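The values are calculated or read from the model by the stated rules, or taken from the named source; none is laboratory data. Worth saying up front: this structure is predicted, and the values here are computed from it rather than measured. Here the Cβ positions follow ideal geometry from the backbone for every residue, glycine too, while neighbour counts run over all protein chains shown. Protein only, heavy atoms only, side chains kept; ligands, DNA and RNA dropped before computing areas. Shrake-Rupley method; radii C 1.70, N 1.55, O 1.52, S 1.80 Å.
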Amino acid sequence: MIATPDRTPLPREFFDRPVLEVAPELLGRILVRTTPDGPIALRLTEVEAYDGQNDPGSHAYRGRTPRNAVMFGAPGHVYVYFTYGMWHCMNLVCGPEGRAAAVLLRAGEIIEGAELARTRRLSARNDKELAKGPARLATALDVDRAQDGVDACTAGDTPLRMLTGTPVPSDQVRNGPRTGVSGEGAVHPWRFWVADDPTVSPYRAHVPRRRRT
DNA sequence: CTGATGATATACT
DNA sequence: GTATATCATCAGA
């Protein structure tokens, strides 16, 4: 039989721990996005850990900027960045204030509100592709810089909330190098995903782009 | 299936 | 000026 997912919000203490502990435990949790048209719920299947303290791959590695300021704040808040001139990606801040660690939400399964997600993901050929990739996930959930800094742990009228869901047993968690990360940051196997899950994004090693003519 | 390309904000040299 | 925590689309095998 299939257990009913726990709809209790994740407490802030869950996020106030080392990011490498939090990241694998986020798999199987449920992210709820409240929109004017109704809720969209996503079961997380793939994440990556970024640690601003020691990690050259992290946006916070070289210090605070207007873009990454939320990473330096309290755990359990949402950090959203805009990249490649077109896309948004969504993170959850971990560790104590000042630590600047976060988990990038890379992929998931839409378990509620798929009809709303489809209207924002017209190029998706099936529902497994709705949130297969970090920018696709943010697009499907209608997340952009307007949600930067939102608290995902409060019970009020928040646009985004993390619920307990059904944690994935550790023997079902796989890990490997992070996608698209270059240099020394690429050696860390800090990408975590659910074994054999069809909504996990394909791995792509980082390739520097040749410059335009 | 693979590889090339354009879209161009943000941070950095 | 160059690189990037990406994706959609196209050409070709």
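Which of the residues belonging to region A:74-87 are open to solvent by less than 40 Å² (accessible area, probe 1.4 Å) and more than 9 Å from DNA strand C (Cβ to nearest atom)?
Of everything in region A:74-87, those that are open to solvent by less than 40 Å² (accessible area, probe 1.4 Å) and more than 9 Å from DNA strand C (Cβ to nearest atom) turn out to be A:A74, A:P75, A:G76, A:V78, A:V80.
Looking at region A:1-16 only, could you name the residues that are at pLDDT below 95 and either within 27 Å of A:D55 (Cα to Cα) or of a type in the set (K, R) (or both)?
A:R7
Given the conditions (1) crowded, with 16+ Cβ neighbours inside 10 Å; (2) at pLDDT 95 or above; (3) within 20 Å of A:G113 (Cβ to Cβ), and given that A:V19 satisfies all but one, which numbered condition is not satisfied?
(3)
Could you tell me whether A:A205 is outside any loop (DSSP other than H, G, I, E, B) and open to solvent by less than 90 Å² (accessible area, probe 1.4 Å)? Walk me through how you get there before you give the answer.
Details: outside any loop (DSSP other than H, G, I, E, B): no; open to solvent by less than 90 Å² (accessible area, probe 1.4 Å): yes.
Answer is no for this residue.
Only one of these conditions is not met by A:T45: (1) within 19 Å of A:P177 (Cβ to Cβ); (2) open to solvent by 20 Å² or more (accessible area, probe 1.4 Å); (3) touching a residue at least 40 places away in the same chain (Cβ under 8 Å); (4) more than 11 Å from DNA strand C (Cβ to nearest atom). Which number is it?
With respect to (1) within 19 Å of A:P177 (Cβ to Cβ); (2) open to solvent by 20 Å² or more (accessible area, probe 1.4 Å); (3) touching a residue at least 40 places away in the same chain (Cβ under 8 Å); (4) more than 11 Å from DNA strand C (Cβ to nearest atom), A:T45 is out only on (2).
Could you tell me which of the residues A:V181, A:V173 is touching a His at 6+ places or on another chain (Cβ under 7 Å) and touching a residue at least 24 places away in the same chain (Cβ under 8 Å)?
A:V181
Can you tell me how many residues within region A:88-115 are open to solvent by less than 40 Å² (accessible area, probe 1.4 Å) and outside any strand (DSSP E or B)?
Looking only at that region, the number is 4.
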